[in-house]
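For reference, the structure discussed in these notes is given below.
Every number here is computed from the coordinates shown, using simple stated rules; none is lab data. Everything quoted here is computed from the prediction, not taken from an experiment. Reconstructed Cβ throughout: ideal geometry from the backbone, glycine too, with neighbour counts over all protein chains shown.
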Amino acid sequence: DVKVTQSSRYLVKRTGEKVFLECVQDMDHENMFWYRQDPGLGLRLIYFSYDVKMKEKGDIPEGYSVSREKKERFSLILESASTNQTSMYLCASTPRSGANVLTFGAGSRLTVL
Amino acid sequence: GDSVTQMEGPVTLSEEAFLTINCTYTATGYPSLFWYVQYPGEGLQLLLKATKADDKGSNKGFEATYRKETTSFHLEKGSVQVSDSAVYFCALGPNYGGSQGNLIFGKGTKLSVKP
């Protein structure tokens, strides 16, 4: 069963801490995405990547960075977590010619105190 | 810019009731349209899609027709079940290869079905 795995389902961090959210896919997909999901706001794109070592800003990149050193892994980094980054983070992937069919991970719920 | 507007929830229905969740969009060009569903505790998964005007997407008893004249992609099901309780997201995406997966999502509509 193909899948996107987010290593941490629930995290609690303190303001100012550095946070790493890891995402791994086993489908050899070229494209990977990080969204955040908030009630009443839906999904908003943070960053995406179309290839190893490539990254593009989405709609809300401020306060975040990403790393894609290997094709299967796409990491989201919060350099200095703040309370307004408390959210559900969703990773997704699709092949280059995937007709926009995203495969999502189960999500990582981050609470920043 | 491109955008998606879907009806706000929550929507509460009794089992076997008819479901409609409205979705309208604003886009340049000819986007593909999607409905994704998120069951409790899970990530989103594709429910159905349509890639051009007048296409009908269907899956698991759900249907949606791509209406270019009304810029709509309403989701319908004739008889909902308790297991359909979830959050439903309408989305649009580019209909060309360069930006595959860079979707614009609506805010989501939570559906609760009571037995």
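Chain A: D in µm²/s via Stokes-Einstein (Kirkwood Rh, Cα pairs, 37 °C, 0.692 mPa s)? Reported coefficient: 236 µm²/s. Annotation for the range A:1-57 versus the range B:32-56: alpha-carbon center distance of 20 Å. Taken about its Cα centre, the range B:1-93 carries a charge dipole of roughly 280 debye when the Cβ of each Lys and Arg holds +1 and the Cβ of each Asp and Glu holds -1.
When +1 charges are put on Lys and Arg Cβ atoms and -1 charges on Asp and Glu Cβ atoms, the dipole computed for the range A:38-91 relative to its Cα centre reaches about 240 debye.
Amide H to amide H distances under 5 Å link B:A17 with B:V80, where only residues 5 or more positions off or on other chains count and H is placed in the peptide plane.
Each of the chymotrypsin sites (Phe, Trp or Tyr not before Pro) that DSSP puts in a loop and that has at most 11 other Cβ atoms within 10 Å breaks chain B; the longest unbroken stretch is B:19-95. Normalised by the number of residues in chain A, the mean separation of alpha-carbon contacts (under 8 Å, six or more apart) gives a relative contact order of 36 percent. Across the range B:15-94, the mean sequence separation of Cα contacts (distance under 8 Å, 6 or more residues apart), normalised by length, yields a relative contact order of 42 percent. Karplus-based coupling profile of the range A:62-79, in residue order and whole Hz: 4, x, 10, 9, 9, 9, 9, 8, 10, 4, 7, 10, 9, 9, 10, 10, 9, 5, with θ = phi - 60° in 6.51 cos²θ - 1.76 cosθ + 1.60 and x standing for Gly or Pro. Each semi-axis of the equivalent ellipsoid for the protein assembly as shown is √(5λ) with λ an eigenvalue of the Cα gyration tensor; in descending order they amount to 29, 21, 15 Å. Computed from backbone phi, the HN-Hα couplings of the range B:43-52 come to x, 6, 9, 5, 9, 6, 8, 9, 9, 8 Hz, rounded to whole numbers (Karplus: 6.51 cos²θ - 1.76 cosθ + 1.60, θ = phi - 60°; Gly and Pro given as x). Computed over chain B, the range of Cα coordinates on each principal axis works out to 44, 29, 22 Å, biggest value leading.
Annotation note: trypsin sites (Lys or Arg not before Pro) in the range A:1-109 located in DSSP loop regions with a Cβ neighbour count of at most 12 within 10 Å are A:R9, A:R14, A:K18, A:K53.
Counting, for every residue in A:25-36, the Cβ atoms of other protein chains within 10 Å of its Cβ and taking the mean gives 1. Using r as the Cβ-Cβ distance of A:S82 and A:Y10, and R0 as 22 Å, what FRET efficiency do you calculate, to the nearest 0.05? Efficiency at R0 = 22 Å is approximately 0.75.
Using R0 = 41 Å, the C-beta based FRET efficiency linking B:A53 and A:K53 works out to 0.60. Loop-located trypsin sites (Lys or Arg not before Pro) in the range B:2-105 (DSSP state other than H, G, I, E, B) with a sparse environment of at most 15 neighbouring Cβ atoms within 10 Å: B:K52, B:K60, B:K68.
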